[in-house]
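Asks: Okay, handing you the structure first.
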Amino acid sequence: MGKLIVISAPSGAGKTSIVHHLLKNMDELSFSVSACSREKRENEIDGKDYHFLGVKGFQKKIKEDSFLEWEQVYENQYYGTLKSEIERIWGEGKTVIFDVDVVGGLNIKKQYPKECLSIFIMPPSVDVLRERLSGRGSESEEKIEIRLDKAEEEIAENQEFDTVILNDDFEIACQETQEVITNFIKS
């Protein structure tokens, strides 16, 4: 059995950017592509950014017990980790890295307590999150407020993770995350 790295954070905290940095700089890592029920955004690629299953397709996979973990984040908005992704990556002899929300990250950690390192990326503040989410220009003010409410709940869960890394300086956050992962893989 291989190892798993979970990177979780509230939306807008920078977890995806940190994961991209890690994948570029650590050959031993391979990205677990999450599945979701939402529509593909303009710049996204199916099978690379997400497995876009649609609501019915996602629900079918739930019935088939195809997920390591999944959740309904908002009404008819599902996200999850396909078991086949982990098998694929371990089959390549690599360490799985996940970019998942807090609930998903904690669910993976529960199932693999010894093999999994869970890292929480802490935003500098909720105000900074608001700026980052608004700056994306991809969501309405109402959706941003929903994400910020959820972010506050997720931040309260940070002590459940093995490590918390503050992302107020991107380069330092990347360096600290890479160091923690390297030590875990070598242990």
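Asks: Residue check: is PHE98 surrounded by 20 or more Cβ atoms within 10 Å (Cβ to Cβ) and touching a residue at least 60 places away in the same chain (Cβ under 8 Å)?
Replies: Judged against the criteria, PHE98 is a match.
Asks: Hey, another quick one. When you scan the stretch 114-187 for helices (runs of 4 or more DSSP H) that lie fully inside it, which ones turn up with 1 or more residues that are touching a Gly at 6+ places or on another chain (Cβ under 8 Å), farther than 27 Å from TYR74 by Cα and free of Cβ contacts under 8 Å to residues at least 40 places away in the same chain?
Replies: Qualifying helices (runs of 4 or more DSSP H): none found.
Asks: So which of GLU131, GLU152 ends up being among the charged types (D, E, K, R) and touching a helix residue (DSSP H, G or I) at 6+ places or on another chain (Cβ under 8 Å)?
Replies: GLU152
Asks: Let me ask another. Tally the residues that are hydroxyl-bearing (Ser, Thr, Tyr) and either touching a Pro at 6+ places or on another chain (Cβ under 9 Å) or modelled with pLDDT of 85 or more (or both), restricting the search to the stretch 117-166.
Replies: Residues flagged as hydroxyl-bearing (Ser, Thr, Tyr) and either touching a Pro at 6+ places or on another chain (Cβ under 9 Å) or modelled with pLDDT of 85 or more (or both) within the stretch 117-166 amount to 2.
Asks: Of (1) in contact with a strand residue (DSSP E or B) (Cβ under 6 Å, 6 or more places away or on another chain); (2) at pLDDT 95 or above, GLY80 satisfies all except one. Which?
Replies: Result: GLY80 fails condition (2) only.
Asks: In the stretch 8-52, how many residues are under 25 Å from GLU171 (Cα atoms), in a loop (DSSP other than H, G, I, E, B) and within 12 Å of the chain's Cα centre (by Cα)?
Replies: Summing the residues that are under 25 Å from GLU171 (Cα atoms), in a loop (DSSP other than H, G, I, E, B) and within 12 Å of the chain's Cα centre (by Cα) in the stretch 8-52 gives 9.
Asks: Another question about this same structure. Kindly establish whether GLU69 is of a type outside the set (A, V, I, L, M, F, W, C), part of a strand (DSSP E or B) and either over 26 Å from ASP169 (Cβ atoms) or out of contact with any Asp or Glu (no Cβ under 8 Å at 6 or more places or on another chain) (or both).
Replies: Yes, satisfied.
The values are calculated or read from the model by the stated rules, or taken from the named source; none is laboratory data. The shown structure was predicted, so the numbers you read here are calculated from the model rather than taken from an experiment. Here the Cβ is made from the backbone with ideal geometry for all residues, glycine too, and neighbour counts use every protein chain on show.
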